[in-house]
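Encoded as structure tokens, the structure appears first; notes follow it.
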Amino acid sequence: MGASTTTVADIKRFSLRVSVELALAAGLTFVPASAFAGAPTAVVPQSVIYPGQEIATHALKEVTVTNPNIRDDYVHTAAELQGKVATRTLLPGRVIPAASVREPYAVKRGSKVRIVFATDGLTISAPGMPLANATVGDFIRVRNVDTGVTVSGTVTADDTVEVAAR
């Protein structure tokens, strides 16, 4: 009878087969990596993010979505959260609903802003105080600090509210 030789490759194959059989016996299932190629991704926090806290992209992790029944109203990439602020507590390992984040406020209630009215080469500006928090593009009410008159306008960059003629 001839001697049989066992190679390293044979040992690795046997070891892999035993590992797979044990995992299957324990109730685990295997899904090939190719099944997740092109699968949707979701963003989950790595630690608790509180309401009003700016979301730092280094505190996020992108994961592959394996649940086909999950609703599609969540944030898919970390880039979507660049510069956003949480509106509710975001828990680690849980997907972030798109409605749970907002743009940061450009003006805050009670802060100083500049009210600007511009038409046909005429520009009038006055100091004002917003009566609500708002992001760029929001239509808000602002009180003129000098006169006490309340006007409405659109928030623009640099703590400015543009007022239009009625």
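A few remarks follow.
- Between helix 8-25 and the chain: long-axis angle, C-alpha atoms, 0 to 90°, nearest 10: 70 degrees
- Between ALA56 and ASP158, the FRET efficiency from the beta-carbon distance, with R0 = 41 Å, is close to 0.95.
- Across segment 24-166, the volume of the C-alpha convex hull divided among the residues equals 158 Å³ per residue.
- Segment 94-144: translational diffusion in µm²/s, Stokes-Einstein, Kirkwood Rh over Cα pairs, 37 °C, 0.692 mPa s: 256 µm²/s
- Derived scalar couplings between HN and Hα for segment 139-153 equal 9, 9, 9, 9, 9, 5, 5, 6, 9, x, 6, 9, 10, 10, x Hz in order, rounded to whole Hz, by the Karplus curve 6.51 cos²θ - 1.76 cosθ + 1.60 (θ = phi - 60°), x for Gly and Pro.
- For PRO130, neighbours were defined as the other residues whose beta-carbon sits under 10 Å from its Cβ, and their charges (Lys and Arg +1, Asp and Glu -1) total +3.
- The charge dipole of the chain, taken about its Cα centre with unit charges on the Cβ of Lys, Arg, Asp and Glu (plus for the first two, minus for the last two), comes to roughly 400 debye.
- Here LYS84 is the anchor, and the lysines within straight C-alpha reach of less than 28 Å, apart from those fewer than 8 places off in the same chain, are LYS61, LYS108, LYS112.
- Here the 3J(HN,Hα) profile of segment 120-135, calculated from phi with Karplus coefficients 6.51, -1.76 and 1.60 at θ = phi - 60°, is 6, x, 9, 10, 10, 10, 8, x, x, 9, x, 9, 7, 6, 7, 9 Hz, Gly and Pro shown as x.
- Dividing the Cα radius of gyration of segment 38-102 by its Kirkwood radius returns 0.94 for Rg/Rh.
Computed from the coordinates by the stated procedures, all read-outs in this text should not be read as laboratory data. What you see is a predicted model; the values in this text were computed from it and never measured. Heads up, the Cβs are rebuilt from the backbone with ideal geometry, glycines too, and the neighbour counts pull from every protein chain shown.
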